[in-house]
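Novice: Quick one: structure below, then a few questions.
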Amino acid sequence: MILRQTNYRNNRLYEKTLPAGTLNAQGLGALKRFRYGLFSFGWCGCEIIAVYNLLQLYGKPEKLSEICREIYPYGHILCGFFGTNVYTLRHYFKKHRIPVKTVYKKSDFLHLAPKGRYGTISFWTGKVMASSIHTVTYKMETGGAVTVYNRYNNKDCAYHYGSMKEAFGSYPFIVANMI
């Protein structure tokens, strides 16, 4: 409880320096100074940033510090060492009446995502259980193209791909929350 409140106070200070709109590059600038558990966002903040970005796109923005404070008690894994349990994100969305559809199979994701508007996806960055997990927000564009937010820890821009398969096809899928 003390750690959660200490991080909340810290995060509120840096929140004032965040750019408007969606966020990228969790390992740079003010985002790097945000705390989750015992660690900085540069290490473990991607799930929280993905929730924030989805709310921005959906038109129901929330403060990043509030999202972090709310998800931490039930979502953190080992005080943030392994970030957030990606399966708990849907509970946050449901509580805030964000109408997400959660899918657990990559084939379902690649089939359904282009029919929606945006969502979050969690995937292994390499081999399953031998690499890190990353969670990003995506937005569907015309013609099946997709924009991905916070794709890389050290790149302060969104990435554009011609299709979902191009963006995520080679990565081992974990879970997605789609609107």
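The values are calculated or read from the model by the stated rules, or taken from the named source; none is laboratory data. Since we're looking at a predicted model, the values are computed, not measured. In this analysis, Cβ positions are derived from the backbone assuming ideal geometry, glycine residues included, and neighbour counts consider all displayed protein chains. Side chains are part of the model used for accessible areas, which takes the heavy atoms of the whole protein and leaves out ligands, DNA and RNA. Shrake-Rupley method; radii C 1.70, N 1.55, O 1.52, S 1.80 Å.
Novice: To the nearest 20 Debye, how big is the dipole of the chain about its Cα centre, given +1 on the beta carbon of each Lys and Arg and -1 on that of each Asp and Glu? Spell out each step's value before the answer.
Specialist: On the way: 24 positive and 9 negative charges, 61 e Å.
Taking the Cα centre of the chain as origin, the dipole is about 300 debye.
Novice: Something else: Mind listing the long-range amide H neighbours of residue 152? Cut-off is under 5 Å, sequence gap 5 or more, other chains count too, H placed in the peptide plane at 1.01 Å from N.
Specialist: For residue 152, whose amide H was placed from the backbone, the distant partners under 5 Å are 25.
Novice: Under the Kirkwood approximation for Rh and a Cα-based Rg, what ratio Rg/Rh is obtained for the stretch 91-179? Please report the intermediate quantities before stating the final value.
Specialist: Numbers: Rg = 12.6 Å, Rh = 13.3 Å.
Here the Rg-to-Rh quotient is 0.95.
Novice: Still on this structure, I have one more. Ignoring ligands, DNA and RNA, what percent of the 1.4 Å accessible area of the stretch 99-153 is carbon and sulfur? Mind dumping the intermediate values first?
Specialist: On the way: 1560 of 2690 Å².
It is 58 percent, rounded to a whole number.
Novice: Keeping to pairs on different chains or 8 or more places apart, tell me how many lysine pairs in the chain have Cα atoms under 18 Å apart.
Specialist: So the count works out to 24.
Novice: For the chain, what does the accessible surface come to per residue with a 1.4 Å probe? Please give it in Å².
Specialist: Details: 8870 Å² over 179 residues.
Spelled out: the 1.4 Å probe surface of the chain, per residue, equals 50 Å².
Novice: So, one more: Give the distance, in whole Å, between the Cα centre of the stretch 75-138 and the Cα centre of the stretch 161-179.
Specialist: So the two Cα centres are separated by 10 Å.
Novice: Counting Lys and Arg as +1 and Asp and Glu as -1, what is the net charge of the other residues whose Cβ lies under 10 Å from the Cβ of residue 11?
Specialist: Working: positive: 9, 12, 33, 35, 63, 69; negative: 15, 66.
The answer is +4.
Novice: May I ask you to derive the relative contact order of the chain, considering only C-alpha pairs under 8 Å and at least 6 residues apart, and to give it as an integer percent?
Specialist: Details: 349 pairs, mean separation 43.2, N = 179.
About 24 percent, as a whole number.
Novice: Please find the FRET efficiency linking residue 166 to residue 98, where r is the Cβ-Cβ separation and R0 is fixed at 35 Å, and quote it to the nearest 0.05. Kindly include the intermediate steps, with their values, before the conclusion.
Specialist: Numbers: r = 27 Å, r/R0 = 0.76.
That gives a FRET efficiency of 0.85.
Novice: Also: Can you give the calculated 222 nm mean residue ellipticity of the chain, where each DSSP H run of n ≥ 4 adds -39,500 (n - 2.57) and the sum is split over every residue, rounded to the nearest 500 deg cm²/dmol? All intermediate terms of the calculation are to be shown ahead of the outcome.
Specialist: Working: 8 runs with 67 residues, N = 179.
One gets -10000 deg cm²/dmol as the mean residue ellipticity at 222 nm.
Novice: Here's a follow-up. Farthest toward the dipole's positive end in the stretch 1-71, which of 10, 65, 55, given Cβ charges of +1 (Lys, Arg) and -1 (Asp, Glu) about the Cα centre?
Specialist: 10
Novice: In whole percent, and with a 1.4 Å probe on the protein chains, what portion of the accessible area of the stretch 1-98 is carbon and sulfur? Please report the intermediate quantities before stating the final value.
Specialist: Details: 2740 of 4870 Å².
Roughly 56 percent, rounded to a whole number.
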